[in-house]
Each structure stands twice: as C-alpha cells, then as structure tokens.
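One structure is given here, and the rest of the page talks about it.
The values are calculated or read from the model by the stated rules, or taken from the named source; none is laboratory data. Not measured: the values here are computed from a predicted model. Methodologically, a virtual Cβ is constructed for each residue, glycine included, from the backbone with ideal geometry; neighbour enumeration extends over all protein chains shown.
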Amino acid sequence: MTRDDKADPDDGFVEVIAREVEADPGNLALREDFVTLLLEREPERAATELAAFEAHGGDPGRVRLLRARLMATRLRASNPPPTEAVPAPADEDHQEGAVSASLWDAERPKVTLGDVAGLAEVKQHLNTAFLAPLRNPELAAAFGQKPGGSLLMYGPPGCGKTFIARAIAGDLGASFLHVTLADLLSKWIGESEKAIQSVFRHARAATPCVIFFDEFDALGGRRTSGGGGSHAMRMLVTQLLEELDGMAGTNDGVYFLAATNRPWDIDSALRRPGRIDKTVLVLPPDAVARAAIVQGALAGKPAADVDAVAVAAATEGFSGADLSHLTTTVLQKAMIESMNRNELVPVTTDALLAAVGDIVPSTTSWFDQVAPVLEYGVDDGTFDQLRAYRVKRGMR
C-alpha cells in the first residue's frame, strides 16, 4: 500500500501546530519546529514558513541549514526512487533503535546557574521551589521526598528558558535531554507516543537526568473534542501523563522541566499535584543581565569601549533575543560603513542607543496577551509571581 492509499493521521495535527504559530507569530522556536515538520510533507508550504521564520528574525545559521534541507527535499522529489511503495515502519525494535540513536543522546551541560548573569529573583525562586531539596537529598529523604521532580518555566519568548534548563542540569550534575515538537511527531499512528516512552526510558538509564520539553504548550496542550488533530493531541497528553506518573516510582533521579510562553494552554491534568506542580516565571533580563548579554554579544568584535551599563539602562523590557537583534543590527551597520570607508568603523555606545528606538521589545506583546488571562482566567496560583511583577512595574 502506498502512502497516498490511506489517510494520513497527522494531517489534523499539522493544522493544530499551524494555529499555534498563527497565535504566537514571534515564537521562533515553534516556527522552526513547524518548518522542520513540513519539510518532508509539504515542501512548498515549508518554503513559505521558512521565509516567515527568516522575516521574523530567525537565526541566519538555522535559516541556511533549513534552506539546504528544503533543497535536498526538492531534489529527492524530482528524482524519486524506482518503486513508489512506502512500507510502514517495520521491525519495532529496529525503528526504535534508530530513533534512540539519532535523538536521545544525553549531554552533560557545563553551565550552571552561576553562569546566568542577573535574574536574582528567578534564581531565588528556582532554589526555593525546586533546587534546594534536590541539592540536599538526605535531608529531603528525612521528610519523605524522593530524588526527582518537575517544573514548568513560563514567560515571554526569548528570555532564556532553555539556557536556564541547561544550567539547572549543570547545577545538579545531571545529563540533559532536550526534546522539541519536531523530535516527537510522526506520520504513523502510535509512533509519537513511542517516542515519548523512549525519552523517559533513556532518561532513566542516564540518571541523574534532566528531560527538557521545549514549547510545551504545543505538546501538552488542552485535550479538546474535535477532529484528527485533537485526537493526536489527546494521545500525546495521555502518554505524557502515564510517564509523569512514574515520577513517584521508576522515575527516581529523573527531573522533568518544561518551558512555555502560553501556560494557560497547558492541559490541567498535567498540572495536578505529583505531576508538573511547580512553576517559575522567567522574566525579561534585568539590568545586570542585559549588560552581560550586550558585553557577550560584542566580545571579540570591533567595539569602541561600549558602555554596556548605559545600553542596559535604555533597554528595559528587552528580551535576550531582542538584545541579540540589537547588537547584530548595529554590527551589520558598522560593517557596511567600514566597507564603504575602506577602514574599520567600530560599534559605539551612541550607535547602540540610537538603534534602541527602532526596536519594539518583543515582550510587550506577551504582556498584552497575558493581561486578559490574569483578569478573566482561572488561576491556581501559577500567576502569583507574574501579578507581583506587574504591580512592581506599574502594569495594568
């Protein structure tokens, strides 16, 4: 039977992800995952989404890589193999072994929370709510706490949730498995659930191990009634629930971290006690962190004694991604001017400050988006930190 001879169970799920991208157009990680998902299915649609990813400020290196993969897909389409038959995945153990070898190679992060500049409030909350008992296992055991745990990080996009997840793994001396939507999706019924099982199995074999699920709202979104996409979502969430329930038993030494920009879209069953019952708000970088980000971005580049503190003071509300965009833009302008003059023109503080006015912080739209959720939504305490932050900043 050919692939065209039967309905593709994943068609509806693709549209679910398309709606997520439409709802959060500035979410570059989700856009990149969506392009990856479309490459083998709908290359022309992938080309359109790739152009949108680049237009929204996607990393140039990732754009080049995705463009090369798109070209390879088109070449394969123009030179198909001799036979049109596409068998379903054969031997289950062989298929699973292939997935495991290519996706779930755990790394050992060298960064720790000590490498995260600023964000004192975030780090304090992380320590109080999550890390302290893990760093004191004997004391925790006296109170009946087992090694392991789960945490949901939420906040505006581009504020370093992935970096913090790696730093937590580094603090714990744990292995690190980074899981994205593209890693789990499959055209074949049941394969996505098997991929989730594989993630947890590998984590248990590599304890202590941190599993980090990025863009978690796309994977753990609310299970609603409806078409095929909703059915696929229900199956994914159900499998996640089964694996997370192992936190009290077979998952000793497994730490589950998830990050999202849309915590209000997470299925409530995943947030029950014993599952992902701890949360931390990852705020836009404070002045100390912003200065460190600017200094890091300009390190080794032609820069004339840039006053990073002054730039940090002028970029309140900027995310780490916004600051990266700022420095990249000014570096590019300095490079062009250097070429025109035929001499090196360094980046200056004035050039950076002038460019700040042309950039609208990406966090602004997120805070606008979350406002009605805080006012009209049901809050189980998840947004306590966010409410306090908004009051402190004088936000309505």
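Structure above, values below:
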{"read-out": "Residue check for ASP24: at pLDDT 70 or above, farther than 18 Å from SER186 by Cβ and of a type in the set (D, E, K, R)", "value": "yes"}
{"read-out": "Meets criteria (surrounded by 11 or more Cβ atoms within 10 Å (Cβ to Cβ) and at pLDDT below 50) for GLU107", "value": "no"}
{"read-out": "Unmet criterion (only one of (1) surrounded by fewer than 23 Cβ atoms within 10 Å (Cβ to Cβ); (2) out of contact with any Pro (no Cβ under 7 Å at 6 or more places or on another chain); (3) touching a residue at least 12 places away in the same chain (Cβ under 8 Å); (4) not basic (Lys, Arg)) for GLY170", "value": "(2)"}
{"read-out": "Region 271-321: number of residues that are among the basic types (Lys, Arg) and either part of a helix (DSSP H, G or I) or under 15 Å from LEU353 (Cβ atoms) (or both)", "value": "2"}
{"read-out": "Among (1) within 27 Å of the chain's Cα centre (by Cα); (2) outside any helix (DSSP H, G or I), the one test that VAL345 misses", "value": "(1)"}
{"read-out": "GLY118 over 20 Å from the mean Cα position of the chain (by Cα) and either assigned to a loop (DSSP other than H, G, I, E, B) or more than 30 Å from SER365 (Cβ to Cβ) (or both)", "value": "yes"}
{"read-out": "Positions within region 315-358 being among the small types (Gly, Ala, Ser) and surrounded by 14 or more Cβ atoms within 10 Å (Cβ to Cβ), in sequence order", "value": "GLY317, SER319, GLY320, ALA321, SER324, ALA334, SER338, ALA351, ALA355"}
{"read-out": "Number of the condition not met by PRO361 [criteria: (1) in a loop (DSSP other than H, G, I, E, B); (2) without any contact (Cβ under 8 Å) to a residue 60 or more places away in the chain; (3) surrounded by 14 or more Cβ atoms within 10 Å (Cβ to Cβ)]", "value": "(2)"}
{"read-out": "Region 275-304, residues that are under 25 Å from LEU344 (Cα atoms), in contact (Cβ under 8 Å) with a residue 60 or more places away in the chain and of a type outside the set (Gly, Ala, Ser)", "value": "ILE293"}
{"read-out": "Among residues of region 161-201, those that are part of a loop (DSSP other than H, G, I, E, B) and more than 30 Å from VAL360 (Cβ to Cβ), counted", "value": "8"}
{"read-out": "Region 234-273: number of residues that are touching a residue at least 24 places away in the same chain (Cβ under 8 Å) and under 26 Å from TYR376 (Cα atoms)", "value": "15"}
{"read-out": "Residues of region 173-195 satisfying the condition of being of a type outside the set (Gly, Ala, Ser) and either within 13 Å of the chain's Cα centre (by Cα) or outside the structural domain of LEU240 (by TED's automatic domain parsing) (or both)", "value": "LEU177, HIS178, VAL179, THR180, LEU181, ASP183"}
{"read-out": "Among residues of region 128-160, those that are out of contact with any Gly (no Cβ under 7 Å at 6 or more places or on another chain) and assigned to a helix (DSSP H, G or I), counted", "value": "12"}
